[in-house]
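The values are calculated or read from the model by the stated rules, or taken from the named source; none is laboratory data. Since the structure is predicted, the reported quantities are computational estimates derived from the model, not experimental observations. Note that each Cβ is placed from the backbone with ideal geometry, even for glycine, and that neighbours are counted across all protein chains shown.
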Amino acid sequence: MIDVAEAFEDLTQEVTLKRKTAGSRDIDGNWVDGIETLTTFKAVVQSLTADERLVLPEAVRTKETIKIHTKTELLTSNESTSIDADIIVFNNLEWQINQVFNRSNIGGYYKAIGVRK
């Protein structure tokens, strides 16, 4: 296995991660959002290439996007567990994680696509 995580160190920057716990219904049936936590992690953040944009769903393709390479696992939304997608704060803008590619077994990192909120 090639571990490219060490190569990230020279290119990484601190990025803020907003993550919510699963929401739930209270005893009256009203929806209660999950609790949001803020943490920081190191990542390489770049623009998507033209080829990477082409494989995005059409509704996302026209929006501003970034790609994030990190050793930190990032999460997309999950309807079955009522968990919202992670939000990344980069350059004072919020980016919702839309796709995650788990490369932890072949390179020691995750690649994610963020869509500007």
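Of note:
- Selection from the range 66-99 of residues that are among the aliphatic types (A, V, I, L, M) and out of contact with any Ser or Thr (no Cβ under 6 Å at 6 or more places or on another chain): Ile66, Ile68, Leu74, Leu75, Ile83, Ile87, Ile88, Leu93
- Pairing each residue of the range 24-50 that is more than 20 Å from Glu73 (Cα to Cα) with any residue that is modelled with pLDDT under 90 and part of a loop (DSSP other than H, G, I, E, B), provided the two are 6+ apart or on different chains, yields C-beta distances under 8 Å for Ser24/Gly34; Ser24/Ser82; Trp31/Gly23; Val32/Gly23; Asp33/Gly23.
- Some residue of the range 91-106 being modelled with pLDDT under 95, surrounded by fewer than 18 Cβ atoms within 10 Å (Cβ to Cβ), charged (D, E, K, R) and in a loop (DSSP other than H, G, I, E, B): no
- Complete set of residues in the range 78-89 that are out of contact with any Gly (no Cβ under 8 Å at 6 or more places or on another chain), in contact (Cβ under 8 Å) with a residue 12 or more places away in the chain and more than 15 Å from Glu14 (Cβ to Cβ): Thr81, Ala85, Asp86, Ile87
- Scanning the range 63-75 for residues that are touching a helix residue (DSSP H, G or I) at 6+ places or on another chain (Cβ under 9 Å) and either assigned to a helix (DSSP H, G or I) or free of Cβ contacts under 8 Å to residues at least 60 places away in the same chain (or both) yields Thr65, Lys67.
- Scan of the range 67-117 for residues that are farther than 19 Å from Lys42 by Cβ, within 8 Å of the chain's Cα centre (by Cα) and not hydrophobic (A, V, I, L, M, F, W, C), ordered by number: Thr76, Gln96, Asn98, Gln99
- Selected residue (only one of Arg53, Arg103 is free of Cβ contacts under 8 Å to residues at least 40 places away in the same chain and either of a type in the set (A, V, I, L, M) or in contact with a helix residue (DSSP H, G or I) (Cβ under 9 Å, 6 or more places away or on another chain) (or both)): Arg53
- Restricting the range 25-62 to residues that are of a type in the set (Gly, Ala, Ser) and part of a loop (DSSP other than H, G, I, E, B), the residue that is farthest from Thr81 (Cα to Cα): Gly29
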